[in-house]
Amino acid sequence: MKINFIKVPIFYGSDRPGVELGPDTMIQNNIIDIFEKKGNIIKKIFNTNVDKYSEQEKFATSKKLKYYKGILDANKDLANKLYETLKEGILPFVLGGDHSLGIGSIAATSKFHNKDLAVIWIDAHTDINTIETSPSANIHGMPLSISLGEGNTELNNILFNGKKINGNNVYILGARSVDDGEYGILEKHNVNVWYMNDIKEKGIEACIEELLLKLKEKNTKNIHLSYDIDSLDEKLVPGTGTPEKDGMNIEQSEKLIKSIIQTKLVRSIDFVEFNPMKDINDITLKNVIKMLNVFSLELSKL
Ligand SMILES: NC(=[NH2+])NCCC[C@H](N)C(=O)O
Ligand SMILES: [Mn+2]
């Protein structure tokens, strides 16, 4: 598979420095080699521009959204680079950075496919807060609501105005930390969610079957796959901004990623929330590399 890596060194959405070092840490740990040894071709490595804002400036451009302007401009730049990549027929693989980057990557993939897009969101959180419901004002907890057209800031209008996706084409797996206000938004938009409890009760295989069936029933043609490493259990990923207990193990995560890539419908991928500054004894780094091995192997078979 021909791939462009798009680095997005941003921490503003999480308000916890360190995650902006994720992309370069992964590159320094030879992920280009890992991908190429399996037979993929890395065409280009883009770097998204992220302007500098100080801690004191975090509410300077919006009272309710931390680092609003910094996140907006970075996502615009990401969206343009991702759209270019799709136009060249190359798979964009976005290296985060925090999950606020989902705003730009969904905007670009949706535009390219004329809004005929499903989003699979593998995450401990549902990331569907709005300005009103967010307990933190951290934009990495809001990319799905923004992509669904909630709110009316410039973040809603990247590449084209308004709603990028439909809620019944959004599939969240691995959730176990949901804020009170998020439940109503999930319901309003008919979002499909498999909570960790569902995965524990039914087993990951049964959940994957349900997911694949729904994709088929809806005649899904294009998927944006957004992978947050905090979907893994906190013991496996101490190096992430918001680790949560009772998460997926490596084997479950691996099965899930393989089955999704094997649909041959994945058009763009995010890999987010690795914070090397919070890592302990390289535990997270090792698991990040493990998961990137899974992605690269599966992609090489396409
Ligand atoms: N992408 C993430 N790690 N999101 C964490 C979100 C945490 C919390 N729900 C919030 O909105 O602040
Ligand atoms: Mn997330």
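Bear in mind these aren't lab numbers, they're just calculated from the coordinates by the rules spelled out. Computed from a predicted model, the values in this text were never measured in an experiment. All Cβ positions, even for glycine, are placed from backbone atoms using ideal geometry, and neighbour counts span all protein chains on display.
Miscellaneous remarks
- Formal net charge of residues neighbouring GLU36 (Cβ-Cβ distance under 13 Å; K, R +1; D, E -1): +3
- Descending by average beta-carbon neighbour count within 10 Å, the peptides 196-202, 119-125, 238-244, 73-79 line up as 119-125, 73-79, 238-244, 196-202, the highest first.
- The chain: most fluctuating residue of ASN152, ASN138, ASN287 per GNM, C-alpha cutoff 10 Å: ASN152
- For region 104-200, the square roots a ≥ b ≥ c of the C-alpha gyration tensor eigenvalues yield an a/c of 1.5 or more together with a/b not exceeding b/c, which makes the shape oblate.
- Neighbourhood net charge (9 Å Cβ-Cβ; Lys/Arg +1, Asp/Glu -1) for LEU159: +3
- Residue with peak Gaussian network fluctuation, the chain [Cα springs, cutoff 10 Å], from TYR12, TYR83, TYR183: TYR183
- Dipole moment magnitude, nearest 20 debye, the chain about Cα centre, only Lys, Arg, Asp, Glu C-beta charged: 1080
- Between LEU95, LEU213, LEU265, the GNM of the chain built on Cα springs shorter than 10 angstrom shows LEU213 fluctuating the most.
- The protection proxy used here, the mean number of other Cβ atoms lying within 10 Å of each residue, ranks peptides 214-220, 35-41 as follows, highest first: 35-41, 214-220.
- Count, lysine Cα pairs under 25 Å in region 208-286, 8 or more residues apart or across chains: 25
- Candidate aspartates and glutamates for bridging to LYS43, where Cα separation is under 20 Å - those fewer than 8 sequence places away on the same chain excluded: ASP24, ASP33, ASP77, GLU84, GLU88, ASP270, GLU298
- Here the dipole of region 212-302 is about 640 debye; that uses its Cα centre as origin and unit charges on the Cβ of Lys and Arg (positive) and Asp and Glu (negative).
- Loop-resident sites, region 233-302, for trypsin sites (Lys or Arg not before Pro), counting at most 16 other Cβ within 10 Å (DSSP): LYS235, LYS245, LYS264, LYS301
- SER259 sits among other residues whose Cβ lies under 11 Å from its own Cβ, and their net charge, with Lys and Arg +1 and Asp and Glu -1, is -2.
- Anisotropy class of the chain from Cα gyration tensor, a/c 1.5 cut: rounded
- Placing +1 on the Cβ of every Lys and Arg and -1 on the Cβ of every Asp and Glu, with nothing else charged, gives region 133-246 a dipole about its Cα centre of roughly 480 debye.
- Relative contact order (%) - the chain, alpha-carbon pairs under 8 angstrom, separation at least six: 22
- For region 130-144 and region 84-123, distance of Cα centres in Å: 20
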